[in-house]
Amino acid sequence: MATTYPWKFFRAGGFNQVVIGSGADLFNLDQLDQKLWVALACPIKGVEFDQTTLALIDTDKDGRIRVPEFIAAAKWAVELMKNPDDLLKGSPTLKPSAINDTTPEGKLIANFARQVLGKTDACEVTFEEAATAAQTFAAKPFNGDGIIPADSASDDATKAVIADIINCLGSDTDVSGKPGVSQARVDQFFAAAAAYFSALKPRAVIKVVEADTVPKTFITFNHLAALPSGEKEPIGKRIVEVPEVLEQFANRDTHAQFIAYVPPGSVAKGEALVKTGGGKTVQCTICHGPNLKGIGAMPGIVGRSPSYMVRQLYDLKSGTRAGPFSSMMKPVVADLSVDDMAHIAAYLATQAP
Ligand code: HEC
């Protein structure tokens, strides 16, 4: 092959040998006549050179480095250096600032040294640090492998969900060897949970009672319950919702029933608002379906806990509840008072879920 690159030679052991003395020499190796190469292939094992590096150069993984692989590796290394001559200094360390970060790959590598290895530009990266970089990176929570171990989550709720997913569906192994979850597994989990819950038949669990006086209550298990003494007090404008049999509720019996005491007249007032809008709102059936049991993304609103319903209407109006679909409820609740909300909730709770 005709060469235009001005090689320098020295004579040793009766042979003319090429001097590889600069980055430019390395870069132009493809112009060196292969008759002048001492060897055209070299095994990646049993050579006095870092074996991991040799294995990386052996891109076709046949256990031998051949000329084209070596040329490609040399060009790659030269292009990553601001001053390619540095490659021939034999220094065991390198500064991030020595890397040519004008190419996307160079930028990636320099940033990796700065961010993952925590080096400033003036700080040298040692050979050992570079060699163990993969482990250093794998130990980071977001290492780009797409697998999230439970301990990468910043809050306990997320940690618990990841643990639940692993318990139910098994785990994927992240690059550091820890069990974690992939996007596919997360999607599978939530699809299965949604299918399970949407297949449950809603059950009527609330009896609505209009009353002037209601049992005095106390708080237990995050819920109101009637005082065992049977004492009564005026209802005022409240909805007072209590388990019918406290023990059943406390034992998480899914058949536990509730009594919702509501002020006299509130069911009729609520019915008028729900069915006609009463000049303050719109007919709820437009979105929640003809029997208000929900359609598609629209939740069912009948036969559900009236205190929960008031809280949702209140939060939708105040903006505390602000999910992707909440804005559809904004105009519905804009002109409703808290009393209107209680009336609506009272009526909705009288209907079968
Ligand atoms: C324009 C469509 C639309 C109309 C009309 C509408 N809603 Fe809604 N409603 C929604 C959507 C959408 C949601 C879900 C909001 C969210 O995801 O935050 C919702 C949620 C609710 C919720 C919360 C339910 C839950 O499971 O937490 C209640 C309560 C509710 N609506 C009551 C009503 C009442 C009462 C009316 C009639 C006065 C009404 N809505 C009219 C669209 C509508």
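Tabulated data for the structure shown
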{"item": "Separation of the residue 11 and residue 123 label points, Cα + 7 Å toward Cβ, nm", "result": "5.2 nm"}
{"item": "Helical contribution to [θ] at 222 nm, DSSP H n ≥ 4, -39,500 (n - 2.57), averaged over the chain, rounded to 500", "result": "-10500 deg cm²/dmol"}
{"item": "Candidate lysines - alpha carbon under 21 Å from residue 201, same-chain residues fewer than 8 apart omitted", "result": "293"}
{"item": "Relative contact order [Cα under 8 Å, 6+ residues apart], segment 91-138, whole percent", "result": "41 percent"}
{"item": "Segment 132-159 and segment 225-241: distance between their alpha carbon centers, rounded to Å", "result": "51 Å"}
{"item": "Amide H contacts of residue 210 (H built 1.01 Å from N, under 5 Å, at least 5 apart or other chain)", "result": "262"}
{"item": "Placed amide H near residue 232: partners under 5 Å, 5+ positions off or other chain", "result": "216"}
{"item": "Above-threshold pairs, the threshold being 28 Å between Cα atoms, out of 269/317; 35/75; 216/275; 45/140; 8/82", "result": "216/275; 45/140"}
{"item": "Which of 209, 49, 329, positive extreme of dipole for the chain (C-beta unit charges)", "result": "209"}
{"item": "Placed amide H near residue 81: partners under 5 Å, 5+ positions off or other chain", "result": "100"}
{"item": "Gain in span if fully extended, residue 201 to residue 105, counting 0.36 nm per residue against the direct Cα distance", "result": "29.0 nm"}
{"item": "For the chain, built as a Gaussian network whose Cα springs stay under 10 Å, the top-fluctuating residue of 151, 174, 85", "result": "85"}
{"item": "Alpha-carbon centroids, segment 302-332 and segment 12-69: separation in whole Å", "result": "71 Å"}
{"item": "Pair residue 157, residue 256: separation of 7 Å Cα→Cβ label points (nm)", "result": "2.2 nm"}
{"item": "Proximal aspartates and glutamates relative to residue 232, as straight alpha-carbon distance under 18 Å, when same-chain residues fewer than 8 apart are discounted", "result": "210, 212, 241, 244"}
{"item": "Separation between Cα centres of segment 261-287 and segment 168-201, rounded to whole Å", "result": "41 Å"}
{"item": "Axial C-alpha extent at least 20 Å, average Kyte-Doolittle at least 0.0 - helices from the chain (DSSP)", "result": "183-199"}
{"item": "Charged-residue dipole, Cβ positions (Lys, Arg, Asp, Glu), the chain about Cα centre, Debye nearest 20", "result": "940 debye"}
{"item": "Relative contact order (%) - the chain, alpha-carbon pairs under 8 angstrom, separation at least six", "result": "9 percent"}
{"item": "HN-Hα J in Hz across segment 34-51 - Karplus 6.51, -1.76, 1.60, θ = phi - 60°, x for Gly and Pro", "result": "5, 5, 8, 6, 5, 9, 9, 7, 8, x, 8, 10, x, 9, 7, 7, 3, 5"}
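Read-outs: derived from the displayed coordinates by stated rules, not from any lab. What you are looking at is a predicted structure, and each value in this text was computed from that prediction instead of being measured. Neighbour counts run over all protein chains shown; Cβ positions are idealised from the backbone, glycine included.
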